[in-house]
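Worksheet: one structure, shown below.
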Amino acid sequence: MILKELIKNLPCSLKGDNTAEVTGVVYDSRKVVKGSVFVCMVGPNFNGHQFVKQAQNAGAAAVVVQEEVESLSCAVVRVENTKYALAVLSAAWFGNPAEELTVIGITGTKGKTTVSYMVHSILESAGIHTGIIGTIGTVIGDQITKTENTTPASYEIQSAMRHMVESGCKACVIEASSIGLREYRVSGFTFDIGLFTNFSPDHIGGVEHKDMEEYRRCKAMLFQQSKLGIINLDDPNWKGIVEGHTCPLEFYGFSNKAELRASNEKLVSRPGYLGVQFDLEGAVSAKNITVDIPGKFSVYNALSAVAVCRHFNVSEKAIREGLDTVKVKGRVEPVSVPGNYTLLIDYAHNAVSMENILTTLREYQPHRLICLFGAGGNRPKIRRYEMGEMSGKFADLSVVTADNSRFENVMDIIADIEVGLHKTDGKYLVIPDRKEAIRYCMDHAEDGDIVVLAGKGHEDYQEIKGVKYHLDEREVVRDILKAEGKA
């Protein structure tokens, strides 16, 4: 590809040869080779503009900048924002794969991962090969490639979508996080469908969002680059989310004003199985839809997935099969154990998600609700206080342990959690070693108990002092059962 072709959709000014041959697009100066276009990214702790001379000397065909730089022998492409430029250039470099797929973007505080897997499950049941880009990784067929962020870099997204096209995918579901939207990681193409799940306080402070208004505004960006918006009418924040939207809107929810509605929802429970059942009304009509994931929010998630998939003209059979068989790693995920209790793994790692999971499980009227959890190091301390308070308030027993302590002492983190626990009358005990804490919960579980291992979810590591040690809670459970002769 020549430079002129690569930048044709990018608002920019150019100094230098626009016929230079391009061999790749990079945003890490260490990866520049002859013919590379080097995009100077800017972040809180780095500035790629410092490396333009290095890129030139390595043979770059061009550098893409948003700041003034010294005179260079290679071409200089000046843009307003290099993050946006990377998205547009990456789309061009990979041949605009989004134009060969039906692309669905999902935004919201909670539910993005679960809904993406529900959409995937329904479409696959209908014979529509579908890829996923999100928290658990990039999913193409049976292959999962881990990603650093919920919404990866724009170059990685475009690369993954091209791989999906080559693998025969017809659709792609992307978790469009607020930070991913703000950082232009999902720019450079138009979503066929944008979906809003819900909105509540999260990701405020530090390098995330300065306040709720910025958080909302970033989520609203999805509906300024979608052909159709599908909105949860029951969420009181929906009007703010669609502010400035440029696409037609459809609604789902329990409200009679929604195009697609759920009704007659009920809980389904037996040892090892917690789920929901509901009816579909409006744009799709069906009775007794079953989902093997507990709680009313599972009805909302399923409803939103149907609201998306109906635009693919899928059959009722595909909807039923897709929702009844969907499994989401680390999202209220059941783990098989002997005995008459239920063991679940969930990603709940802040007060909002902790309250949601515990109040949901409380509705199933367990003999006891036991919550094992810790909190992440080098994160706002208020999260720890709030998580401790939520567990103390809603669980019959809290088992406080390690999570990703990062560069903090785990006992200091636990002491902060105890501050929140002490605001309640909740019983708790401290077992710093997470494996031993899991063993305690399993050894002391009683008939009818629900035990939830919160915080790790899909993660298969524990981060301690900058090192990620392998820890998959499913394996821990299996090892404990094996050691006790119960496997």
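The values are calculated or read from the model by the stated rules, or taken from the named source; none is laboratory data. Since the model is a prediction, treat every value here as computed from it, not as a measurement. A quick note on method: Cβ atoms are made from the backbone with ideal geometry, for glycine too, and the neighbour counts reach across all protein chains shown. Just so you know, the surface numbers come from the protein's heavy atoms only, side chains and all, with ligands and any DNA or RNA stripped out. Shrake-Rupley method; radii C 1.70, N 1.55, O 1.52, S 1.80 Å.
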- Please find the FRET efficiency linking Asn45 to Leu14, where r is the Cβ-Cβ separation and R0 is fixed at 25 Å, and quote it to the nearest 0.05. 0.25
- Item | Answer label for mean projected area of the Cα convex hull in nm² (calculated), chosen among (i) 27.2; (ii) 23.3; (iii) 25.6 | (ii)
- Under 18 Å by backbone N from the virtual spin label 7 Å along Cα-to-Cβ at Val268, the residues of the stretch 332-373 are 332-336, 342-343, 361, 363-365
- Task: Mind checking the full-extension length gain between Glu243 and Glu68? Use 0.36 nm per residue of separation minus the Cα-Cα distance, one decimal, nm.
- Result: 59.5 nm
- Where in the stretch 45-74 is the amide nitrogen less than 18 Å from a point lying 7 Å along the Cα-to-Cβ axis of Ile2? 61-63, 74
- Straight-distance crosslink candidates among lysines, where the alpha carbon sits under 19 Å from Lys170 and sequence neighbours closer than 8 are dropped: Lys227
- Query: If you count, for each residue, the other Cβ atoms within 10 Å and average over each peptide, how do 146-157, 381-392, 243-254, 118-129 line up from highest to lowest?
  - Reply: 381-392, 118-129, 146-157, 243-254
- Query: DSSP beta bridges in the stretch 5-98, what fraction antiparallel, as a percent rounded to 5?
  - Reply: 35
- With the full set of protein chains in place, find how many percent of the accessible area of the chain is carbon and sulfur; take the probe as 1.4 Å. 48
- Item | Amide hydrogen neighbours beyond the local backbone of Tyr428, cut-off 5 Å, H modeled | Ser398
- Within the stretch 268-415, what percent of beta bridges assigned by DSSP are antiparallel, to the nearest 5? 70
- Query: Applying the Karplus parametrisation 6.51 cos²θ - 1.76 cosθ + 1.60 with θ = phi - 60° to the phi angles of the stretch 448-462, what ³J(HN,Hα) value in whole Hz is obtained for each residue in order, glycine and proline being reported as x?
  - Reply: x, 6, 10, 10, 10, 8, 9, x, 8, x, 6, 5, 10, 8, 10
- Task: Would you mind getting me the FRET efficiency between Lys427 and Glu99? Use the beta-carbon distance for r and R0 = 45 Å, nearest 0.05.
- Result: 0.20
- Query: Averaged per residue, what accessible surface does the stretch 388-456 expose to a 1.4 Å probe, in Å²?
  - Reply: 41
- Filter the cross-link list Lys219/Lys257; Lys427/Lys456; Lys296/Lys329; Lys31/Lys465; Lys427/Lys486; Lys146/Lys465 down to pairs whose alpha-carbon distance in this structure exceeds 25 Å. Lys31/Lys465; Lys427/Lys486
